[in-house]
Structure formats: structure tokens, C-alpha cells
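Every read-out reported here was derived from the displayed coordinates using simple, explicitly stated rules and does not represent laboratory data. Since the structure is predicted, the reported quantities are computational estimates derived from the model, not experimental observations. Every residue, glycine as well, gets a Cβ built from its backbone with ideal geometry; the counts of neighbours run over all protein chains shown.
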């Protein structure tokens, strides 16, 4: 088995290398999607190096993954935020100053629950832990087998409080030079590729909600995520590819259960990774060329095209 030192030595460049996948499951839907990926990978006798890392404010099911990052706020972290909000980032400061009701420990103990700011504050509080676990997962991949390139693949729902925020925050980690440098310390800077996102869109799931509040929160999360991801695209710092499952279309939403959507999302992710070499060879002169010369800027975000007077009662009230 190759050690990290051997992998990164000059002599190792003469060895034929391949890619490896670091699958990052964010939130509940992300974890469900990732389990489908693991099942397919094991059934195919593990044809390429793969590690799956879960990151969530709810640690349910963490034992199913190779690595797990528990970013649930605790009484200690809440007390530290309140005592010194300036020590942390903008999300923590904004919550302490403007939304202290979100810091109720009884609420925080049950995950983000469609509330994106809770996840944003958790990423600021646990920034060092997140970087450390990502670094260890990358080193574990290198020990598992020979690889020239590690592709981070994020699985999430754009409707949940953890997944919708983490899809953006994880992108920021891999595309910010300073943050990325913390997870590839001692390794080639180009070892980790631009990340890819496989996301479950929440439109059909939103229609199944029976209370008056949840649909607005779910749609608001999806809208916020897509707008923020579009801003990264405009700056040339977006995901390499974004694959959507369950996206609404002209004929209406796709009415699948969240479990079905996650299973499909995981299978789609697996098929893409298993056929990555063939996909990339065909994409270079087509999809990649189009993507690099005319990047996505969010023009197709559905809410932008619906006049307010036609918004259904469950539509998010966003100006």
C-alpha cells in the first residue's frame, strides 16, 4: 500500500494514475443519496477509490459513513457565540445580534430543520474541524489507492436547512484558495479538482407539506441556494457540474417521494462516477466548451419568471 510520502514523491509521477472520488453527503437527503452511492459501489466490487463523508447538524446514521462531521451546535458553542460573536463570521454575529431566538438549545439539538442560518453559523464555529476531517478523508483516499485526481462530489437537497446551505458553503471551501490550502497541506495544490454537485430539488416535496410555514421555508431555501450558486458562477468559482433531480418543469413538478428522489440522485451520481472517463472524453469538445465560454448565471430560476400576483399560497415571499 502506498504511503502519502510515496504518493507525493517525484518518482510516483511515473506511475499510471487514475481518479478517486470524495463523496460529501450534506444533510438528511444528502446522506440518503450517499447510501445509494455506497450500495452501487460495493455491488460493483469497488472499481475505483471512494470515501464517503457525512456532514450534518443531525448525526443520525453517521455510523454508515467512512467519516462524519457533527456540526450540531451545543450549549458550549452557543455560549461562546453569545459571549464573543466577533470571534466568528458574519452568520454568527447576525444571529446573536438579530435572531437570538434561533439559539434556543432545545431547537438546535434537533438539527437545522430548514433553517439555513443555523448551518451557516455551524460552518463558522466548526471551520477547523471541517477542514481537518476533509484533510483526513483525502489522505485516506491516497492510502487506499493510486490516484492522480480527487473529485469532491457533494450530495444535498436544496430545500433543507443543512443541505441548501452546505451546498454553497462546501463550494466556498474548495474554491477559496486559503481554505482549500488548509485541506491539501503537504499535497500538490491541483490534486483536488473543482467539486461537482448532485442535488435534489424540493418542489414536489414542498407540495406534500401540511402546515402553513414549511412550504415557504423550503422554497426560500431552494431559491436562496440557486441565487447564491449563480453568483459563484458569475465569479468563475462555481461547481464544475451541477446535476438536478426532481426539478420542476413546464409540465409540472415530478411527484416522487423524498426517498425515491434520493435513491435516484445516488444512482445518478454513481453512474456518472463509474463512467467519468468516458463522460469527460465526450464533454471536452461539447459540454465543457459551452460551460467555459458561457457559464450559468441563474437566468432559469423559476421564481424569477412568476409575477407575484400569480404566486400560489405556498410560494416563498421573496423580494
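Observations
- What the Cβ-Cβ distance of residue 271 and residue 308 gives, at R0 = 35 Å and to the nearest 0.05, is a FRET efficiency of 0.30.
- Sorting 272, 217 from the fewest to the most surrounding beta carbons within 10 angstrom yields 272, 217.
- Cβ-Cβ distance of residue 256 and residue 87, R₀ of 35 Å, FRET efficiency by 1/(1 + (r/R0)^6): the value works out to about 0.20.
- Fully extending the segment from residue 193 to residue 243 would add 16.3 nm, taking 0.36 nm per residue of separation and subtracting the current Cα-Cα distance.
- Net length gained if the chain between residue 39 and residue 18 were fully extended (0.36 nm per residue, minus Cα distance): 5.4 nm
- Tensor-based shape of the range 69-191 (alpha-carbon gyration tensor, a/c under 1.5 rounded, otherwise prolate or oblate): prolate
- Residue 94 paired with residue 208, simple spin-label distance in nm, labels 7 Å along Cα-to-beta-carbon: 3.0
- With both labels modelled 7 Å from their Cα along Cα-to-Cβ, the residue 76 to residue 136 distance reads 1.6 nm.
- Those residues of the range 170-208 whose amide nitrogen sits under 17 Å from the label point placed on residue 148, 7 Å along Cα→Cβ: 188-194
- Each peptide in 91-100, 259-268, 166-175, 186-195 gets a packing score, the mean of other Cβ atoms within 10 Å over its residues, and the list from highest to lowest is 166-175, 259-268, 91-100, 186-195.
- Using R0 = 22 Å, the C-beta based FRET efficiency linking residue 235 and residue 182 works out to 0.60.
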